[in-house]
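Here is the structure we will look at.
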Amino acid sequence: MLEHTSYAILPSEEGGTEEQVHEVGAVESVKWNGKVVEGTLTEGTFFLYLLNDQILRFSVHPFEKVSADSTLAVVEDEPVKDADFSESDAEFFLTYKNLQVTIKKKRLSITAQRNGKTAFQISGVSFNKDKKVFGTFEKDAKTPVYGLGEKSGFLNKNGEKITNWNTDVFTPHNKDTVELYQSIPFALIHDPGETTTGVFLDNSHRTGFDMQTFKDRVRISAEGGPLNTYIILGEDIKDTIRGYTTITGTTPLPPQWSLGYHQSRYSYRSEDEVREVAAAFEKYEIPLDCIYLDIHYMNDYRVFTFDKDRFPNADNLIKELNERGIDVVPIVDPGVKKDVEYPVYREGVSEKFFSTYIDGSIYCGAVWPGISAFPDFFQSRVQKWWGHLHGFYTEKGVRGIWNDMNEPSVFNESKTMDLDVMHNQDGKLISHREGHNLYGLYMSKATFEGLKELIPNTRPFSLTRAGYAGVQRYSAVWTGDNRSHWEHLEMSLPMIMNLGMSGVAFSGADVGGFASDCTPELLVRWTQVGAFLPYFRNHSVQDSIYQEPWAFNEETMRIVKKFIQLRYQFIPYLYTLFHEAEKSGVPVVRPLIMEYPEDKEAIDISDQFLLGRDVMVAPMLRPGQTHRSVYFPEGTWFDWWSGEEIDGDKYHLVYADLETIPVFVKAGTVLPVGDEVRNTKEQQRVRLIAFSNGDRDMRGQLYEDDHVTYNYQKGEYVLTDVVLSSYGEMKTNKQGDFESNLVVSDIKIIGK
Ligand code: MIG
């Protein structure tokens with residue numbers, strides 16, 4: 001407790017904060033095998049190779065022979081075969097197409113040039129006595145840094161010190177709460193108008209990105225293992241994210257119902273309460289796609305059970321809701337209650353599925369069910385076992401699972417497992433100290449792949465709190481225990497934008513705030529924002545005020561409903577963006593700087609975002625606020641509500657009463673807009689709104705398929721490109737074989 005008082009800052013005897021480090025020194029020898037450069041250093045070893053003309057892998061281990069292993073994050077990692085290797089007195093050169101990498105012999109340092117521009121420079125690699133490794137990238141003092149996963153604070157991380165260690169944090173998140181649930185050690189160093197270098201430190205130990213200690217450097221570090229980096233040389237942010245997602249995978253196209261409005265509460269405590277919630281949505285005619293079952297559905301928090309008193313007939317409940325078009329998503333935590341009469345625990349013990357110490361004894365820790373054991377998801381046989389256990393839910397009609405507490409969170413001083421618990425990566429043993437940040441990722445894999453097998457030809461939905469780089473391949477991410485604070489609404493925007501720039505296209509924050517008490521105005525403003533973010537769920541903690549759309553008063557409900565309806569009108573556009581994200585890795589929600597990479601004014605904009613390329617949202621983020629300044633990048637924009645034309649490349653003062661969130665569309669856009677529907681299970685006609693572009697063409701795109709299966713991968717989709725000329729001639733081009741819901745004849749034109 002004392003660390004919450006002034007005791008925490010008791011006088012320190014310490015002098016400097018600089019850690020004592022040692023250099024890895026000179027390159028003593030190298031070997032080139034036609035693909036990989038391997039070398040020895042004064043201290044340790046390294047290798048370097050090119051994956052293509054845009055990506056290289058460079059790894060150094062100061063203490064041992066550096067291994068070629070990467071983590072589960074990496075899906076694509078083949079050296080090119082036809083790179084050129086050469087040498088001068090002082091340097092080695094590795095060249096491929098327009099990429100040239102230079103390694104200095106005397107004191108290991110690396111520079112890369114692409115298309116004649118210097119893309120990055122690693123000026124040093126070092127280590128300390130505790131086996132921590134460091135690598136230093138040079139940059140200009142002002143160069144912004146983005147990405148880095150799920151972090152608090154503003155968009156641009158330049159000047160910050162970031163560390164990664166998956167942590168369950170219930171205390172209010174703020175700028176100093178650096179370690180949250182996810183670890184994505186990937187940063188974009190963006191030189192506006194020049195290049196964007198992506199640095200992915202694929203090391204699952206606690207890692208660091210220090211943009212503070214040296215004002216013109218980024219110093220990356222890992223508390224063990226090699227300095228294992230993938231470096232992506234992009235033209236701009238988008239290009240670099242594309243590169244990053246070729247290594248770690250893109251966000252697969254989600255089932256469309258997971259993009260609808262979702263309602264949750266910790267917890268709806270009985271079948272009756274769940275029915276009442278569903279009935280209220282129907283009574284008030286508010287669209288709804290999904291209701292969540294939080295931990296109270298279980299029998300004493302035993303996963304894969306229902307409580308007989310509260311949920312005596314879960315099968316019927318789920319069936320009934322499904323028939324009304326509502327999906328049900330239960331929560332599943334990793335902790336398995338230690339109870340010798342509980343089949344999941346018994347099987348886990350007898351089959352050796354749980355994480356153990358090195359002597360084979362099972363690690364036990366306290367979570368909701370009391371003393372519990374934790375599956376060793378690192379083993380494929382454990383992933384299979386766990387995956388199949390979900391048959392318990394899927395046979396009842398469930399198509400989505402919510403994974404929580406998978407940092408893993410344990411109720412003790414360290415907040416997690418003992419660091420000397422071991423994980424077995426199919427034969428390779430690693431300590432929890434090394435594997436901690438991967439636990440949630442492996443659990444997501446087990447969940448997603450299990451569901452995929454159990455519900456044939458159906459896209460599963462999985463949601464996770466913890467994860468590591470690559471988590472986008474398996475799960476959507478929500479940002480954990482935020483609060484009903486205006487500051488948390490504000491902070492969720494850069495968090496979601498940076499998650500997107502870290503490969504995770506499908507993310508969102510609890511709308512209305514999880515902990516603390518929501519207010520009518522906050523619920524309205526938050527719902528307005530949530531309607532434009534990838535993942536849209538209202539969720540709140542037990543004992544807090546209820547915050548369902550109707551919880552406050554009629555006016556609040558009316559406005560909240562209006563924005564949930566608007567969400568459904570935007571789903572065709574949103575779904576098209578998810579299609580793009582799957583294909584290219586480019587996220588659904590983008591900071592202005594991503595679409596306007598040369599615009600220095602956009603560098604620090606955290607309180608506005610783009611949905612796709614052409615829709616800009618500038619929310620109200622303070623109580624009582626009805627005016628705000630909005631930055632409009634170059635070009636012409638239209639006000640979504642009034643159709644008013646607005647000049648870009650400047651700031652405007654914008655008005656929005658409580659009924660309105662400022663939304664703007666770029667001139668030249670043809671936006672697909674859906675009709676009002678009850679949810680995504682209803683057939684939805686799509687119409688076009690074109691935003692005039694002077695005498696130039698207007699363009700848009702719509703992606704459609706059956707919303708739920710994998711048939712789209714066999715060509716059962718339709719991608720419609722629309723071009724509308726200024727004199728009203730429309731051309732459409734269709735790709736794929738699926739019947740479209742687009743009503744082409746019904747086009748509305750905004751502007752002259
Ligand atoms: O410590 O399952 O972030 O969304 O409602 C609480 C109960 C554990 C934390 C999650 C929250 C969820 C809650 N869980």
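The values are calculated or read from the model by the stated rules, or taken from the named source; none is laboratory data. All of these numbers come straight from a predicted model, not from anything done at the bench. Counting neighbours? That spans all protein chains shown, and the Cβs are built from the backbone with ideal geometry, glycine included. What goes into the accessible areas is simple: the full protein's heavy atoms, side chains included, and nothing from ligands, DNA or RNA. Shrake-Rupley method; radii C 1.70, N 1.55, O 1.52, S 1.80 Å.
For the range 514-667, the dipole from Cβ point charges (+1 on Lys and Arg, -1 on Asp and Glu) about the Cα centre works out to 400 debye, to the nearest 20. Inter-part distance, the range 390-408 to the range 80-143, computed on C-alpha centroids, equals 45 Å. So which aspartates and glutamates pass the test for K106, namely a Cα distance under 18 Å, with those fewer than 8 places away in the same chain ruled out? Straight-line reach from K106, under 18 Å: E23, E28, E38, E43, E87, D89, E91.
With the simple model of a label 7 Å out from the Cα in the direction of the Cβ, H627 to S431 spans 6.0 nm. Start at zero, step by 5 Å, and the Cα-Cα distances of the range 522-667 spread as 2, 9, 17, 21, 20, 16, 9, 5, 2, 0 percent across the bins. Annotation: amide H-H contacts under 5 Å for W640 (H modelled 1.01 Å from N, sequence separation of 5 or more, or interchain): V663, F664, V665.
Put +1 on the Cβ of each Lys and Arg and -1 on the Cβ of each Asp and Glu in the chain; which of F134, G348, N33 then has its Cα farthest toward the positive end of the dipole? Result: N33, furthest along the dipole toward the positive end.
With a sphere of radius 15 Å drawn around the Cβ of G25, what net charge do the other residues whose Cβ falls strictly inside it have (Lys, Arg +1; Asp, Glu -1)?
Numbers: positive: K104, K105, K106, R107; negative: E23, E28, E43.
Once positives and negatives cancel, what remains is +1.
Near the amide H of S502, within less than 5 Å, lie the amide hydrogens of G149, all on another chain or at least 5 residues away, with H placed in the peptide plane.
Sparsely packed loop sites in the range 317-421 (the GluC sites (Glu not before Pro) outside DSSP H, G, I, E and B with at most 16 other Cβ atoms within 10 Å) comprise E341, E351, E395, E413. Projecting the Cα atoms of S6, T171, P494 onto the charge dipole of the chain (Cβ charges, centred on the Cα centre) puts P494 farthest toward the positive pole. Here are some pairs, K283/K562; K151/K561; K139/K161; K666/K752; K97/K139; which of them have Cα atoms lying more than 21 Å apart in this structure? K151/K561; K97/K139, as the Cα separations exceed 21 Å there. Between the amide H of A476 and those of S462, L463, T464, distances stay under 5 Å, these residues lying 5 or more places away or on another chain, with hydrogens modeled in the peptide plane. Are there GluC sites (Glu not before Pro) in the range 1-100 that DSSP marks as loop and that have at most 10 other Cβ atoms within 10 Å, and which are they? Those that pass, being in a loop and sparsely packed, are E13, E14, E18, E64. Each Lys and Arg Cβ is given +1 and each Asp and Glu Cβ -1; about its Cα centre, the range 21-248 then shows a dipole of about 360 debye. A simple spin-label model places pseudo-atoms 7 Å from Cα toward Cβ; at D675 and E76 they are separated by 4.0 nm.
Using R0 = 25 Å, the C-beta based FRET efficiency linking S86 and E194 works out to 0.40. Applying the Karplus relation 6.51 cos²θ - 1.76 cosθ + 1.60 with θ = phi - 60° to the range 131-145 yields 3J(HN,Hα) values of 6, 7, 10, 10, x, 10, 9, 7, 7, 7, 4, 8, 4, x, 10 Hz, where x marks Gly and Pro. The 3J(HN,Hα) values that the Karplus relation (6.51, -1.76, 1.60; θ = phi - 60°) gives for the range 404-415 are, in residue order, 10, 6, 9, 5, x, 8, 9, 7, 7, 4, 7, 6 Hz. Gly and Pro appear as x. Phi-derived couplings, Karplus 6.51 cos²θ - 1.76 cosθ + 1.60 at θ = phi - 60°, listed residue by residue for the range 383-400: 4, 5, 4, 4, x, 5, 4, 5, x, 3, 8, 5, 5, 8, x, 7, 10, x Hz, with x used for Gly and Pro.
Charges at C-beta only: +1 for Lys and Arg, -1 for Asp and Glu. How large is the resulting dipole of the chain about its Cα centre, in Debye rounded to 20?
The calculation lands at about 800 debye.
List the aspartates and glutamates whose alpha-carbon lies under 20 Å from that of K428, not counting same-chain residues fewer than 8 positions away? Within reach: E64, D69, D77, D202, E223, E351, D359, D376, D418, D420.
Report the accessible area of K132, computed with a 1.4 Å probe over the heavy atoms of all protein chains in place, in Å² rounded to the nearest 10. Looks like 40 Å² after rounding. Mean separation of Cα pairs under 8 Å and 6 or more residues apart, divided by the residue count, gives the range 21-248 a relative contact order of 19 percent.
Fully extended, how many nm does the chain gain between D69 and E285 (0.36 nm per residue separation, minus their Cα-Cα distance)?
The D69-E285 span can extend by a further 72.4 nm.
Which aspartates and glutamates have a Cα lying under 17 Å from the Cα of K731, excluding residues fewer than 8 positions away in the same chain? Qualifying aspartates and glutamates at Cα under 17 Å: D695, D697, D721, D746. What FRET efficiency, computed as 1/(1 + (r/R0)^6) with R0 = 30 Å and r the Cβ-Cβ distance, is obtained for Q100 and N33, rounded to the nearest 0.05? E(calc), rounded to 0.05, equals 0.95.
When a/c is below 1.5 the answer is rounded, else prolate if a/b is larger than b/c, else oblate, so apply that to the chain with a ≥ b ≥ c taken from the square roots of the Cα gyration tensor eigenvalues.
Oblate, since a/c reaches 1.5 and b/c is not below a/b.
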